[in-house]
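FYI, it's all coordinate maths here, none of it is from the lab. Because the structure is a prediction, the values reported are computed rather than measured. Glycine also receives a Cβ, built like all others from the backbone with ideal geometry; neighbour counts cover every protein chain displayed.
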Amino acid sequence: MHNGVQRSYVLYIPANYSSSTPAPLVFCFHGFTGSSNSMKNRAAFESIADTAGFIAVYPLGTPLSGSNHWNVGGWTNTSTADDVGFTAAMIDTISAAYNINAKRIYSTGFSNGGFFSYELACRLSDKIAAIASVSGTMTDKILNNCSPTHATPVLQIHGTSDVVIGFNGNQIAGSKPVQEVLDYWINYNHCDTAAVVSNIPDSDPNDGSTVELYEYKNGWHGSTVELLKVNGGAHQWPGNAGNMDISASLEIWKFFSKHELKGVNITNTTNNLTAPTLYPNPGKGQTTLSFYAAHGGSTEIVITDVLGRTVWSKTINYQAGNHHEVINTQQLGKGMYLLSAGQFTMKLVIQ
């Protein structure tokens, strides 16, 4: 029960799940008029989950004019469903029953479910590490109320011949053009504005479509924005229907597997800070962390004692250029500490 409404979801536990190992969690949201089971059949994440060890969740929307939906604005603007709260409640419930890796919770979906994945990236940012949308973009409501709190990797998969959610937008659905959506996240994540473009091999020449990969790289904390552009593709989930050169489900997991919460790339933790210094050091009462940033971003400053215990931490936001963060050390005792910021760790001595 959520907000007085009975809600449900289908949960798939991989064959190799162990309660001793935190498992990633992948939400997969159905399209308008869809259901948990229809989405499960479309995406078929089970075989991938069995290999990769993630738990898959297929939630069920609520009826709007008789059709199951997710509240994203646009054509659903009369909805009162608290789907963001429902998702947060699912995370809590599933995490209470299974060992979930809180840094590796992801959302994907088809059409209306793709829109809702963007909604979660905007409004449940503290829980969602990365998202992928197939044939769904953002509405005015999502875009105008978007307030993510960390670098958020985004993958968009979309057909250029989609007549339901048009590649260049759709006034009836209230959907934004694909490129406008990508540009928002490219700008927010501070990615390169020029894409690296590559052609996906046309392994099925009879499917009437081809795929290009656009990668906008080098965002905050290793974040990327990517587009799998299905030239000639319709309103479909590649690998299930339409284009067979790629499996959308496999591409989505390959994308998710590179990222964890706060946009940190698991294989590359290099970030944006250079030349950090502490002054005074040794000091008494306060010290100032100074560094240069090539572009704006955020980072966590952590001070630990000699036993490795965290005694102080703070997440800071900064703009491009020189930055000076004053740290009050009065509450810390005399001695030696380690201060970490980004990829740098420095000794801090308090007299």
Listed residue (TYR292, ASN68, TRP312) projecting farthest to the positive dipole end of the chain, Cβ model: TRP312
Between region 162-208 and region 1-50, what is the C-alpha centre distance in whole Å? 26 Å
By how many degrees, 0 to 90 and rounded to 10, does the Cα axis of helix 178-189 deviate from the longest principal axis of the chain? 10 degrees
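What FRET efficiency comes out for SER290 versus ASP126 if R0 is 35 angstrom and r is the Cβ-Cβ distance? Round to the nearest 0.05.
Values: r = 29 Å, r/R0 = 0.82.
Efficiency, rounded to the nearest 0.05: 0.75.
Return a whole-number percent for the relative contact order of region 1-62, with Cα pairs under 8 Å and 6 or more residues apart as the contact set. Walk me through the numbers before you get to the answer.
Values: 91 pairs, mean separation 31.3, N = 62.
Reported relative contact order: 51 percent.
Sort THR62, THR315 so that the residue with the fewest other Cβ atoms within 10 Å of its own Cβ comes first and the one with the most comes last.
Numbers: THR62 19, THR315 12.
If I rank by nearby Cβ atoms, fewest first, I get THR315, THR62.
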Relative contact order (percent, whole number), the chain, Cα cutoff 8 Å, 6+ residue spacing: 12 percent
Taking a point 7 angstrom from the Cα of ASN187 along the C-beta vector, which residues in region 227-242 have backbone N less than 20 Å away? 227
Give a residue-ordered list of calculated ³J(HN,Hα) values for region 223-235 (Karplus: 6.51 cos²θ - 1.76 cosθ + 1.60, θ = phi - 60°; whole Hz; x for Gly, Pro). 6, 9, 10, 10, 10, 9, 8, 9, 5, x, x, 9, 7
Hey, got the dipole for the chain? About the Cα centre, +1 on K and R Cβ, -1 on D and E Cβ, debye to the nearest 20? 1180 debye
Over the chain, with a Gaussian network built from C-alpha contacts below 10 Å, which listed residue (VAL84, VAL311, VAL302) shows the highest mean-square fluctuation? VAL311
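How much length, in nm to one decimal, is gained on full extension between LYS254 and ASP204, taken as 0.36 nm per residue of separation minus their Cα-Cα distance? The partial results should precede the final answer.
Values: separation 50, 0.36 × 50 = 18.00 nm, distance 2.09 nm.
Taking 0.36 nm per residue and subtracting the Cα distance, the gain is 15.9 nm.
Calculate how many DSSP beta bridges within the chain are antiparallel, expressed in % of all such bridges and rounded to the nearest 5. Walk me through the numbers before you get to the answer.
Values: 56 of 81 bridges.
So the antiparallel bridges amount to about 70 percent of the total.
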If every Lys and Arg gets +1 and every Asp and Glu gets -1 at its Cβ, then about the Cα centre region 273-350 yields a dipole, in debye to the nearest 20, of 220 debye
Footprinting exposure proxy for ARG42, ARG309, ARG104 (fewest neighbouring C-beta atoms within 10 Å first): ARG309, ARG104, ARG42
Report, to the nearest 10°, how far helix 83-97 tilts away from the longest principal axis of the Cα atoms in the chain, using its own Cα long axis and a range of 0 to 90°. 70 degrees
Normalised by the residues of region 1-137, what does the relative contact order come to in percent, with Cα pairs under 8 Å and at least six apart? 29 percent
Length gained when the stretch ASN218-ALA194 is fully extended (0.36 nm per residue, less Cα-Cα span): 7.6 nm
Residues with amide H under 5 Å of PHE29's amide H, sequence separation 5 or more or different chain, H placed in the peptide plane at 1.01 Å from N; which? THR108, GLY109, PHE110
Under a GNM of the chain (C-alpha, springs under 10 Å), which listed residue has the highest mean-square fluctuation: ILE165, ILE252, ILE13? ILE13
Karplus (6.51, -1.76, 1.60) ³J(HN,Hα), θ = phi - 60°, over region 250-256, in Hz, Gly and Pro reported as x: 5, 4, 5, 5, 4, 5, 4
How would CYS28, CYS122 line up from fewest to most surrounding beta-carbon atoms within 10 angstrom? CYS122, CYS28
Once fully extended, how much extra length lies between GLN179 and THR51, figured as 0.36 nm per residue of separation less the alpha-carbon to alpha-carbon distance? 42.7 nm
